1. Describe numerically, in nm with one decimal, the distance between label points set 7 Å from Cα along Cα→Cβ at ARG79 and at GLU21.
2. Charges only on Cβ, +1 for Lys and Arg, -1 for Asp and Glu: so what's the dipole of the stretch 7-133 about the Cα centre, in debye to the nearest 20?
3. Just tell me the longest site-free run in the chain, where the sites are GluC sites (Glu not before Pro) in a DSSP loop having at most 13 other beta-carbon atoms within 10 Å.
4. Pairing the Cα long axis of helix 103-123 with the longest principal axis of the chain, what angle in degrees results, from 0 to 90 and rounded to the nearest 10?
5. Determine the relative contact order of the chain: mean sequence separation of Cα pairs under 8 Å and six or more apart, normalised by residue count, in whole percent.
6. Sorting ILE43, ILE108 on the 10 Å Cβ count, fewest up front, what's the list?
7. Quick one: what do you get for the chain if you divide its Cα Rg by 2.2 N^0.38 Å?
8. Using only Cα atoms, tell me the angle between helix 7-17 and the longest principal axis of the chain; keep it within 0 to 90° and round to the nearest 10.
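What follows draws every value from the coordinates through simple rules; no lab data is involved. All figures in this text were calculated on a predicted structure; none of them were measured in a lab. Cβ placement follows ideal geometry from the backbone for every residue including glycine, while neighbour counts extend to all protein chains displayed.
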Amino acid sequence: MQDRPNYDELLAAVEGFLDDEVVAKGEGAQRFHGRVAANVIRIVRRELEHEEAQLASEWESLDALLGEAPRPRDRNALRLVLAQRNEELSERIRTGAADGGGDFRDAILPHVRQTIRDKLTVTNPGWLGDEEESN
């Protein structure tokens, strides 16, 4: 692991270059592609900042909904198993397990809201409103 510059500092430098040089001074397609690239850098920076906490939160929430499961230590394996567990939850919802109210439905709604909030925190925090943007 490198001490300095760290990944966030490196990405911030690229983001600054794109914003200050390519977007500010470019024209047409160059400006557009510079803006897209700068936004990609911002998304990557937010994902790196929030990913560990968001993965842990989603795992715990799915444990509460589906029952506890051994959590993979490897981040890529964790993402894969989370996708599988989300598919299991989706299948339970599709088959009617959350229909008509009840404890399971009451537990799913906050899980879905939080998962969406976490995803928007990374992809487009502006959609969350002023209160969430400051976090």
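1. 2.9 nm
2. Dipole size: approximately 440 debye.
3. 69-135
4. Approximately 10 degrees, to the nearest ten.
5. 19 percent
6. Going from sparsest to densest Cβ surroundings: ILE43, ILE108.
7. Normalised Rg, Cα atoms only: 1.35.
8. For helix 7-17, the angle is close to 50 degrees.
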